[in-house]
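**Q** The structure that follows is given in the form of structure tokens.
The values are calculated or read from the model by the stated rules, or taken from the named source; none is laboratory data. Since this is a predicted model, take the numbers as computed values, not measurements. Don't worry about glycine lacking a Cβ; one is built from the backbone with ideal geometry, like all the others, and counts go over all protein chains shown.
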Amino acid sequence: MPVDLRGAMRTALDVDAPQLQFERICERAAWRLRSLERRRSRRMVSAAALVALLAVFAGGHRSVTYDPTVAVAPAPAPSPLAT
Amino acid sequence: MGGMTWEAHERTIDAARAGEGAALEALISVIWQRAYRIALSILRHPMAAEDAAQEACARVVAAIGGLRSSAAFGVWFYRLVVREALRIERRAPAQEPLDPDALASASPLTDALVRLDIFRALGVLPARQRAVVALHYYADLNSREIAEILGMPEGTVRYDLSLARRRLESLLAAHRPRALREELFDAG
């Protein structure tokens, strides 16, 4: 026998919702926005820290000194192109 | 009523998107009952359903400014409600169906035991199928819209719906009292 599921669902859900608390909803929304903002700030701080680390790392390599013979050696000529 | 035409609320949605506080409050009062009932069908617990509905409405308040158009509101809103309800269900699945005295209804047609019967039948289904059933039979959405809301293929929605329908039909047919059977079942 076919069942009127639409009717059954409407019957089941024909209930009164609790009193709407708009202020409470706004508080939750504000908390959510603050938490998103905090997360975004943390991400930016992490990105800035990574950039700083990379800069320190690159700076450290800039101070590497090579053997003088290597430093004054002429750059090798490019190899001729094969035709 | 289950079905809702969002076109009727287009101006309110647009004004809320533009940041008008009064429009936002009006919009929340329009969607509140719907959010609660959809969440209730998935969670089967009034307090959990209220929590899910509040969180979904809070997300609407927090993010409606970024909504691309008022036409996208319906799917977006249902997605927020269903996702929140499924998240709560995963965290603490309801052990017992709801207490009939915990729900208030002004309708003389329904009594608490009828509702309990239907919610018990719903409780046999997995949470995702409960969501599919609520979105189809209560919110009047088609399988394409439900697929978009739940982020799954349309074929899976149709399969879930067919499984849920067969399951609910057999459960309700077996357990419903006679007077209610006559009310809910087709005579032919």
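**Q** With the condition kept exactly as written, say whether any residue in the stretch B:14-29 is of a type in the set (Ser, Thr, Tyr), out of contact with any Gly (no Cβ under 8 Å at 6 or more places or on another chain) and buried (at least 23 other Cβ atoms within 10 Å of the Cβ).
**A** No, that holds for no residue.
**Q** Moving to a separate point now. List the helices (runs of 4 or more DSSP H) that sit entirely inside chain A and contain at least 3 residues that are at pLDDT 80 or above.
**A** Passing ranges, in order: A:5-12, A:22-62.
**Q** Something else: Considering only the stretch B:1-36, state which residues are touching a residue at least 24 places away in the same chain (Cβ under 8 Å) and in contact with a Phe, Trp or Tyr (Cβ under 7 Å, 6 or more places away or on another chain).
**A** B:Gly2, B:Trp6, B:Ile13, B:Ile28, B:Ile31, listed by residue number.
**Q** If I ask for residues that are in contact (Cβ under 8 Å) with a residue 40 or more places away in the chain and surrounded by fewer than 19 Cβ atoms within 10 Å (Cβ to Cβ), which ones from the stretch B:37-95 would you list?
**A** Across the stretch B:37-95, the qualifying residues are B:Gly65, B:Leu67, B:Ala71, B:Val75, B:Arg79, B:Ala92, B:Ala94.
**Q** For A:Arg28, indicate whether it is at the interface with chain B (Cβ under 7 Å from one of its Cβ atoms) and either touching a Phe, Trp or Tyr at 6+ places or on another chain (Cβ under 9 Å) or within 30 Å of B:Asp117 (Cβ to Cβ) (or both).
**A** no
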